[in-house]
């Protein structure tokens, strides 16, 4: 996972220098991986992408039958929806970890 995309992204840390933000983001990423005992930020994208594409394509096959252009459209809709879901889940996990790390630093 590339954590550079989260620099200046969260309001909680956007006032800090970039180096400090990078350190906090690395700590948050590492905390997520150690807390869940496996690299969930690497596993989630593939799993969600595959699941939503199969749901969209399979659903369109059962609803509309075999229509090639509908299968292609449902494939791309599955990709778009999976990207949105992946971003939301990753952002949520990172924000929770950042808030935990910031609360630990204040104590």
- [ ] Among the residues of region 1-23, write down those that are assigned to a loop (DSSP other than H, G, I, E, B) and touching a helix residue (DSSP H, G or I) at 6+ places or on another chain (Cβ under 9 Å).
- [x] 1, 7, 8, 9, 10, 12, 13, 14, 16
- [ ] Using the structure shown, decide if residue 82 is part of a helix (DSSP H, G or I) and either at negative phi or surrounded by 12 or more Cβ atoms within 10 Å (Cβ to Cβ) (or both).
- [x] yes
Open item on the list: If a residue must be assigned to a helix (DSSP H, G or I), at pLDDT below 85 and either in contact with a helix residue (DSSP H, G or I) (Cβ under 6 Å, 6 or more places away or on another chain) or under 22 Å from residue 83 (Cα atoms) (or both), how many such residues does region 33-59 contain?
Closed with: 4
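The values are calculated or read from the model by the stated rules, or taken from the named source; none is laboratory data. None of these values were measured; they are calculated from a predicted model. No Cβ is skipped: glycine too gets one built from the backbone with ideal geometry, and neighbour counts run over all protein chains shown.
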